[in-house]
Amino acid sequence: MSTRHDDDEFMDVSEVVKLGIPSKVVSVFEREGITRFNPPQKMALDSGLLDGKNMVVACPTASGKTIIAELAIVNMVLNLKKKAVYIVPLKALGSEKYKEFREKYEGMGVKVALSMGGHDSKEKWLAEYDVIIVTCEKLDSLIRHGIDWVRDIGLVVCDEIHLLNDVSRGPTLEVTITRLRDLTQFQILGLSATINNSDELSGWLGASLVKSDYRPVELAVGAYYDCKMYFKGETQEVGKMSDSLLALIEHIVASGKQAIVFVNSRPSAESQAEWAGTVTKKYSKGMDKVSSSVLSAVGQPTKQCRRLARIVSDGAAFHHAGLAPKQKDIVEENFKNGKIKVICATPTLAAGVNLPAAYVVVRDLSRYMGGYGMRPIPVLEFQQMAGRAGRPKYDDKGVALACAKSEYDVERVMDEYVNAECEKIFSKLSLEPVLRSHILSLIATGHVYSDRQLMDFMEKTFYAFQYNDLFELERNVSKVVDMLGDYKLVEWSEEGDISSPSLFQSANSYHAVRKMRATVLGRRVAELYVDPVTAWLFVHAIRKCASMRVSEIGLLHLVCSALEMRPRLRVGKGDYEWIYEEAEKVSGRLIVPDFARADEDVFLSAFKTASALDAWIDERSEDFLMDRFRMSPGELRAKLDNCDWLLYAVSEIAFICGSEGLRGVIDELRVRLKYGVRAELRELVRIRGIGRVKARALFKIGVSDLTSVREVGFSELVRAVGQKSAEALKKKVGDDVTKLKAQRRFR
Ligand SMILES: Nc1ncnc2c1ncn2[C@@H]1O[C@H](COP(=O)(O)OP(=O)(O)OP(=O)(O)O)[C@@H](O)[C@H]1O
Ligand SMILES: [Mg+2]
């Protein structure tokens, strides 16, 4: 993939000063080594980027799409004094952009904010900021809470806008963009990979299309099999070894380059990294410090952490969602500085990040996809992974290789991936599960009041633009609206506008004059960002709680039964017996309503997930969770976050249902989950700097809260939690620490 471009397709960066961009911005670019704008960047400027024109930029990976966004942002913030919202597909990418934008633009008074987690807040503080980086879910949640600064938005950048194609997240992006466009006027800038129907995307957004094949760093894409690299019209051998992939890694690392190897599962990432380490260790030295930082990144290192630390000391690493965020940072950081030579990763590493991999090897071209078994990955996904190779600033050439399974398979891989065109992207909005949450939200915020208005809204979506046939969408919308009514989340009055009859007119035509609004419960559910089906589950369980003593396992099993906890822990053959046995023992304490027990698979996987969390609050180690439940530290963190949010939702819904009594139990459980402790330690972990290990040590010497710190001697305290924590505790209760320390020395 290399194309020639003439000089006149480039533009000196200083020329943008004439277009109104301050020269200090130009200096920032120059400091970064950007002296001239490349062809897509120039095209964007020529097409009215700084005149507020909507634009879709569909260009190859590494073509510098972010600079186009930055130009539009500084123009909007500094010249037009309006806010820019930057939508990212992944939190990791959000953090990368946040760091970058702050370093580059904060000095000139551009205030940058990152707003990612938490789904029940207006985040009033954001009103003070100029550039707001969000995920589409967060933006959706902010709109549901009725942000006051919506009219201050002048620009919305949507990075990796081909995410519209994603089954679970695409519809949220689509609805959020449509909704925001209804609420206020702004310039929209969509940054996309080279997809086959970018014209459709720009058509929907009323945007000019900037399409280019420019890639600053040549990227050679090919297939790989049996120690041979196959490129168009050329084959290259790498040194022979019995393991062909290791031979390739040796070839790459021996030439002083680095590689990312993409595989399709976490266990594969770990074992492949272990293998890679056997090669990289010859080429890397002095990794002790990095290796021990991997261990100290978490409170109590688990087997997985130790394995990563071992592999890192050999100069390789694995990277997947099971790692703690700090460990991911360490791996990325040390890959950037060249110490780690090879990363074996799952595809989550692929979206938009800049890493210095001269080589990308896509080992697996198929992936396990839920009920469909192993399926070939889309070309778009392959290209996103391949695009991590050969990034500007790091390399002058990139190589991406797709692994074939046999000599015969090489041709297929060349046809279906290497030389294949990307698929089209399609709106996934008509899928019912995603529709119901958005429809409730549109009604709850008063965005629409009638069926007619709801369909008017739907007509503005990418779905409507693309399919031009609303029949299926209309049918699903109608089904969802009825369901929301059955769930008591939406109600109707008859004072609707008779002149705009419903699209859903039934035979008896009652609906013709209905005007809809959300119930109090419906409004809260929309704000809480839970699925209406989950809310319905919670309402029933809350009613059941009125007549029983509520237990931790009951609540944990309830939230683990919610759709939002997917993917739950997988139930293997060896699990059935113990799950049935344990579930039987606590069956009187389970609060999920009967209708939620009907699906055996859901029940069992929810019980297994709940049991793992129950073990966590019983102070079991993370190693135990891995051995017994196959729950990795990263997964534990993700589940704890979700669980906390859902428990909060249960307590808020309980409040509306008049069951305030549940709040106390839930609050206590949330604290215990946060720290992983039994009930008796809940006061101790509230003290800053005291985690589950130190709290347990304190409890053993008779300390159960802050007041009881006074009653134990300083030396005993030091023995239990170490000098620093002991001093902090004594200081907290007002003791004279200097005196205590002197007394201790004297003894
Ligand atoms: N005109 C330029 N001259 C030199 N370097 C540039 C120029 N524009 C961008 N770059 C550099 O190119 C690198 C890649 O840019 P960027 O991350 O914006 O790519 P991208 O198009 O968003 O790719 P992806 O699709 O992978 O997200 C960055 O390090 C950036 O600093
Ligand atoms: Mg990008």
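Identify the residues of the range 210-237 with backbone N under 17 Å of a label point that sits 7 angstrom from the Cα of Arg181 along the Cα-to-Cβ direction, or state none. What the label zone holds, given the 17 Å backbone N cut-off, is 210.
Can you tell me how the range 71-230 classifies by the Cα gyration tensor, rounded, prolate or oblate, using a/c under 1.5 as the rounded cut? Prolate is the answer for the range 71-230, as a/c is 1.5 or above and a/b outweighs b/c. Computed from backbone phi, the HN-Hα couplings of the range 86-93 come to 10, 8, 10, x, 9, 4, 4, 5 Hz, rounded to whole numbers (Karplus: 6.51 cos²θ - 1.76 cosθ + 1.60, θ = phi - 60°; Gly and Pro given as x). In this simple spin-label approximation, Val167 and Ser121 carry label points 7 Å from Cα along the Cα→Cβ vector, and these lie 3.3 nm apart.
For Val490, the residues whose modelled amide H falls within less than 5 Å of its own, excluding neighbours fewer than 5 places apart on the same chain, are Gly485, Thr519.
Backbone geometry of the range 184-191 corresponds, through the Karplus equation with coefficients 6.51, -1.76 and 1.60 at θ = phi - 60°, to 3J(HN,Hα) couplings of 7, 9, 7, 7, 10, 10, x, 9 Hz, x marking Gly and Pro. Dividing the mean sequence gap of close Cα pairs (under 8 Å, 6+ apart) by how many residues the range 372-505 holds gives a relative contact order of 23 percent. Here's the list of lysines a cross-link from Lys397 could span, going by alpha-carbon distance under 18 Å and ignoring same-chain residues fewer than 8 apart: Lys232, Lys257, Lys336, Lys341. Close amide-amide hydrogen proximity is noted between Cys344 and Val261, Ala317, Phe318, His319, each under 5 Å apart and 5 or more residues distant or on a separate chain (H modeled in the peptide plane; Pro and chain starts excluded). A cut-off of 5 Å between modelled amide H atoms, ignoring neighbours fewer than 5 places along the same chain, links His447 with no other residue. Applying the Karplus relation 6.51 cos²θ - 1.76 cosθ + 1.60 with θ = phi - 60° to the range 304-320 yields 3J(HN,Hα) values of 4, 5, 5, 5, 4, 4, 5, 5, 4, 5, 8, x, 10, 6, 10, 9, 7 Hz, where x marks Gly and Pro.
The packing ranking of peptides 584-591, 210-217, 720-727, highest mean first, is 210-217, 720-727, 584-591, where packing means the average number of other beta carbon atoms within 10 angstrom of each residue.
Past 27 Å, Cα to Cα: identify those pairs from Lys18/Lys65; Lys424/Lys515; Lys53/Lys211; Lys104/Lys124, in the order given. Pairs exceeding the cut-off: Lys424/Lys515. With a Förster radius of 30 Å applied to the beta-carbon distance between Ala728 and Phe624, the computed FRET efficiency rounds to 0.55. Once the chain from Asp482 to Asp735 is taken as fully extended at 0.36 nm per residue, the excess over their C-alpha distance is 84.6 nm. Here the gap between Asn354 and Phe10, fully extended at 0.36 nm per residue and compared with their Cα-Cα distance, gives a gain of 121.6 nm. Mind grabbing the base-10 log of I(q)/I(0) for the range 282-382 at q = 0.15, 0.22 Å⁻¹? Debye formula, identical points on the C-alpha positions, no solvent, two decimal places. After summing over all Cα pairs, the log10 values are -0.67, -1.15. Working note: 222 nm ellipticity from helices only, DSSP H runs with n ≥ 4, each -39,500 (n - 2.57), summed and divided by the residues of the chain, gives -13500 deg cm²/dmol to the nearest 500. Partner lysines whose Cα lies under 28 Å from the Cα of Lys694, excluding those fewer than 8 positions away in the same chain, are identified as Lys289, Lys303, Lys326, Lys328, Lys639, Lys674, Lys724, Lys730, Lys731, Lys732, Lys739, Lys741. Placing a pseudo-label 7 Å from each Cα along the Cα-to-Cβ vector at Glu600 and Ser708 gives an inter-label distance of 4.7 nm. Peptides 278-286, 728-736 ranked from most to least packed, by the mean per-residue count of other Cβ atoms within 10 Å: 278-286, 728-736.
How do the peptides 19-25, 551-557 rank, highest first, by the average count of neighbouring beta carbon atoms within 10 Å per residue?
Going by the mean number of other Cβ atoms within 10 Å, highest first, we get 551-557, 19-25.
Using the Cβ-Cβ distance between Ile656 and Glu582 with R0 set to 35 Å, the FRET efficiency works out to roughly 0.60. For the chain, the orientation-averaged shadow of the C-alpha convex hull comes to 38.1 nm² (one quarter of the hull surface).
With contacts taken as Cα pairs under 8 Å and at least 6 residues apart, the chain reaches a relative contact order of 10 percent. Computed from label points 7 Å out along Cα-Cβ, the spacing between Asp456 and Lys285 is 7.3 nm.
Partners of Lys585 within straight-line reach, counting lysines whose Cα lies under 16 Å from its Cα and excluding those fewer than 8 residues away in the same chain: Lys608. The calculated FRET efficiency for the pair Asn468 and Thr235, based on their C-beta separation and a Förster distance of 45 Å, comes to about 0.45. All other residues with a Cβ under 12 Å from the Cβ of Val410 taken together, and with Lys, Arg as +1 and Asp, Glu as -1, what is their net charge? Around Val410, the charge tally is -3. Neighbours of Asp623, meaning other residues whose beta-carbon lies under 13 angstrom from its beta-carbon, give a summed charge of +3 when Lys and Arg score +1 and Asp and Glu score -1.
Read-outs: derived from the displayed coordinates by stated rules, not from any lab. Quick caveat: nothing in here was measured; it's all calculated off a predicted structure. Using ideal geometry, Cβ is built from the backbone for each residue, glycine included, and neighbour counts are taken over all protein chains shown.
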